[in-house]
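Visitor: Okay, here's the structure, questions in a sec.
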């Protein structure tokens with residue numbers, strides 16, 4: 001068994017920690033006018049995001065992921081201010097104010113519906129929609145450099161109070177009006193393109209993978225990053241896509257390859273050399289450079 005040399009670290013490493021995740025960037029973004037972090041809002045948002053993290057369905061025989069499903073039953077997450085209050089030891093009023101602040105920031109959107117529960121009609125039931133594009137932009141903003149904290153924090157937020165008032169009136173206001181706020185006015189579409197490709201071909205982007213992708217987009221041309229992941233996706237032996245694609249990009253960088261066109265020529269030459277070694281004596285056609293990514297690279301061992 002491996003050890004770090006620190007008993008506490010080794011013990012914590014054996015714990016199977018699950019639950020809510022709070023990215024550090026949220027403390028820079030979800031603030032009051034005073035500049036202090038809106039801790040209640042941050043904690044409630046982490047709970048909302050937890051319920052929107054998919055559950056992976058695995059094959060019992062192979063252990064491979066065969067699908068994903070959502071945790072909540074309806075099309076939107078159903079939660080009440082009371083449930084947040086009970087869960088986090090705050091008042092109903094504090095929970096409502098925090099949820100309202102999150103909506104004002106454009107991170108979520110409230111919907112109030114009438115539902116039937118066991119034959120009983122219930123009105124003004126709160127459902128929460130996550131405005132995922134804004135949450136993603138806020139979470140990974142440190143790699144983008146184009147989101148200013150002052151643009152994210154509310155300009156008219158009322159700080160939460162510690163008053164013990166629980167009989168808060170439930171509003172009947174129609175919240176279908178679009179109150180989405182764009183965090184950076186110009187979303188970082190370069191990062192979004194890479195993120196979407198990664199999720200379409202490998203897996204959902206976790207906060208750690210998101211930071212790594214953001215670093216690649218910062219350091220390399222976006223089309224070059226996408227090309228590296230295209231090559232990665234075509235190699236069936238790859239088990240760590242991030243490591244493999246990064247190795248490809250580092251290899252190109254060492255060979256002064258800075259854009260996709262140069263990379264395609266470079267990969268074409270590599271294929272030609274490889275084919276020449278494996279097919280000595282066979283005639284080769286004079287085909288021009290191919291745009292098809294190489295399937296098997298020698299960039300790193302997985």
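Each reported figure results from applying straightforward, stated rules to the coordinates on display, with no laboratory input. No experiment lies behind these values; they were computed from the predicted model shown. Glycine also receives a Cβ, built like all others from the backbone with ideal geometry; neighbour counts cover every protein chain displayed.
Visitor: At a 10 Å Cβ-Cβ cut-off, how would you order 99, 9, fewest neighbours first?
Guide: By the 10 Å Cβ count, ascending, the order reads 9, 99.
Visitor: Here is a follow-up. How large is the Kirkwood hydrodynamic radius of segment 189-278, in angstrom, based on all distinct alpha carbon pairs?
Guide: One over the average 1/r among Cα pairs gives 13.5 Å for segment 189-278.
Visitor: Next question, about the same structure. What is the order of 71, 195, 141, fewest Cβ neighbours within 10 Å to most?
Guide: Neighbour counts put them in this order, fewest first: 71, 195, 141.
Visitor: Another question, then. What is the order of 53, 93, fewest Cβ neighbours within 10 Å to most?
Guide: 53, 93
Visitor: Let me ask you something else. Per Stokes-Einstein, at 37 °C and 0.692 mPa s, what whole-number D in µm² s⁻¹ belongs to segment 18-152, with the Kirkwood radius over Cα pairs as the hydrodynamic radius?
Guide: Rounded to a whole number, D works out at 198 µm²/s.
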